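All of the numbers you see were taken from the coordinates with simple rules; none came from a lab. Values in this document were obtained by computation on a predicted structure and should not be read as measured data. Cβ placement follows ideal geometry from the backbone for every residue including glycine, while neighbour counts extend to all protein chains displayed.
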């Protein structure tokens, strides 16, 4: 597997809507848990998850060329 560093500088959306929701919920839960347990690594993980979920762009996905955006849309034409 190759990792393309130049592709990381293109800030294109590469996270689908469902994954955005998962990242936002998991990040918010991680931040809430880290507040009660005083865990700095958990806080950082939560912040990264919320940031990538909010922006729709993941630098690791860009470097690997992965894209989870739904490209197949239902474009049926009414007759």
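Points to keep in mind about this one:
- Burial order of peptide ranges 63-69, 37-43 (average beta-carbon count within 10 Å, highest first): 63-69, 37-43
- Cα coordinate range in region 16-64, projected on the principal axes (Å, largest first): 32, 20, 13
- Here the extension length gained between residue 37 and residue 60 equals 5.5 nm, from 0.36 nm per residue of separation less the Cα-Cα distance.
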